[in-house]
Amino acid sequence: ARGFLQFMLSKEEILRRTDLVSDLSGYDCAILVSAKGSGTWPFLFRRGDKIYTKTSQAVVELMKSLPERIGLCLSTAPPPWSEEREEFLRMLARWHDEVFQEDLERLTRRQELLREIDRALDERDRKRFEQLSAELRRMR
């Protein structure tokens with residue numbers, strides 16, 4: 001989001017139309033930039049009923065046509081606590097653990113394959129080398 005804010009700062013016309021606010025309701029064009037660790041979306045751009053989460057999409061939309069007013073909220077506070085948010089964070093933690101475990105298993109298997117490939121080369125076992133190399137390529 002830093003690059004997006006720098007983009008905004010470089011465009012005088014955009015700055016003239018931008019209001020720094022703590023509440024984005026009432027703005028047809030709204031931008032939320034959140035601090036790291038705040039537990040909310042790092043970047044949201046809303047124009048009408050369309051929502052974008054990538055800064056590049058926001059730049060394209062702003063360059064197409066500038067709205068009359070733009071609400072910009074720089075958020076450092078986490079969103080209010082709720083059961084839904086707690087469940088989301090638990091699910092995110094489980095997903096992170098699963099992905100980490102899969103990555104760890106894949107890395108371990110890759111290292112094992114490389115050792116076996118080295119052994120096949122040392123033993124001049126061409127068939128085994130080709131099998132292991134093919135398996136290594138499939139992992140990518």
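Can you show me the helix-derived [θ] at 222 nm for the chain, built from DSSP H runs with n ≥ 4 at -39,500 (n - 2.57) apiece and divided by the number of residues, rounded to the nearest 500.
The per-residue figure over the chain is -18500 deg cm²/dmol.
Applying 1/(1 + (r/R0)^6) with R0 = 22 Å to the Cβ-Cβ distance of GLU102 and ARG140, what FRET efficiency is obtained, to the nearest 0.05?
0.90
Calculate one ³J(HN,Hα) per residue across region 98-115 by plugging θ = phi - 60° into the Karplus curve 6.51 cos²θ - 1.76 cosθ + 1.60, and present them in order as whole Hz with x for glycine and proline.
5, 5, 4, 5, 4, 4, 5, 5, 5, 5, 4, 5, 4, 5, 5, 4, 4, 5
Quick one: among ARG109, ARG46, ARG16, which has the greatest mean-square fluctuation in a GNM of the chain with alpha-carbon springs under 10 angstrom?
Top of the fluctuation ranking is ARG109.
For the chain, what does the equivalent ellipsoid look like in terms of its semi-axes, each the square root of 5 times an eigenvalue of the Cα gyration tensor, given largest first in whole Å?
Working: eigenvalues 486, 88, 26 Å².
One finds semi-axes of 49, 21, 11 Å for the chain.
Please compute the contact order of the chain in relative form: average sequence separation of alpha-carbon pairs under 8 Å and at least six residues apart, divided by the residue count, as a percent.
22 percent
Given LEU15, GLY26, MET139, which one lies farthest toward the positive end of the charge dipole of the chain, if we put +1 on the Cβ of every Lys and Arg and -1 on the Cβ of every Asp and Glu?
Looking along the dipole axis, the top candidate is MET139.
Just how large is the dipole of the chain about the Cα centre, in debye to the nearest 20, putting +1 at every Lys and Arg Cβ and -1 at every Asp and Glu Cβ?
The calculated dipole for the chain is roughly 600 debye.
Just in region 62-140: which GluC sites (Glu not before Pro) are loop by DSSP and have at most 12 other Cβ atoms within 10 Å? Don't skip to the answer; put the middle values down first.
On the way: sites: GLU68, GLU83, GLU84, GLU86, GLU87, GLU98, GLU102, GLU105, GLU112, GLU116, GLU123, GLU130, GLU135; in loops: GLU68, GLU123.
Here the GluC sites (Glu not before Pro) that fit, given the DSSP loop and packing criteria, are GLU68, GLU123.
Given H placed on each backbone N at 1.01 Å, which residues far from ILE51 in sequence or on other chains put an amide H within less than 5 Å of it?
Correct list: empty.
What residues have an amide H closer than 5 Å to that of VAL21, excluding those fewer than 5 places away on the same chain, when H is modeled at 1.01 Å from N in the peptide plane?
Under 5 Å from the amide H of VAL21: LEU72, CYS73, LEU74.
May I ask you to derive the FRET efficiency for TRP95 and ARG115 from their Cβ-Cβ distance with R0 = 30 Å, giving the value to the nearest 0.05?
On the way: r = 31 Å, r/R0 = 1.03.
Result of the calculation: an efficiency of 0.45.
With the cut-off at 17 Å, report for region 1-70 the share of all Cα pairs above it, as a whole percent.
Values: 928 of 2415 pairs.
Cα-Cα pairs in region 1-70 separated by more than 17 Å: 38 percent.
With a cut-off of at most 16 other beta carbons within 10 Å, and DSSP calling the residue loop, which chymotrypsin sites (Phe, Trp or Tyr not before Pro) in region 36-133 qualify? Please list them. Numbers along the way, then the final one.
Working: sites: PHE43, PHE45, TYR52, TRP81, PHE88, TRP95, PHE100, PHE129; in loops: TRP81.
Sparse-neighbourhood loop chymotrypsin sites (Phe, Trp or Tyr not before Pro): TRP81.
Between 0 and 90 degrees, rounded to the nearest ten: what's the tilt of helix 55-64 against the longest Cα principal axis of the chain?
Value to nearest ten degrees: 40.
Between SER22 and ARG124, what is 0.36 nm times their sequence separation minus the Cα-Cα distance? Round to one decimal in nm.
29.8 nm
Just so you know, all these numbers are worked out from the coordinates, no wet-lab data involved. Only a predicted model underlies this, so the values are computations on that prediction, with no experimental measurement involved. All Cβ positions, glycine included, derive from the backbone under ideal geometry; neighbour counts span all protein chains shown.
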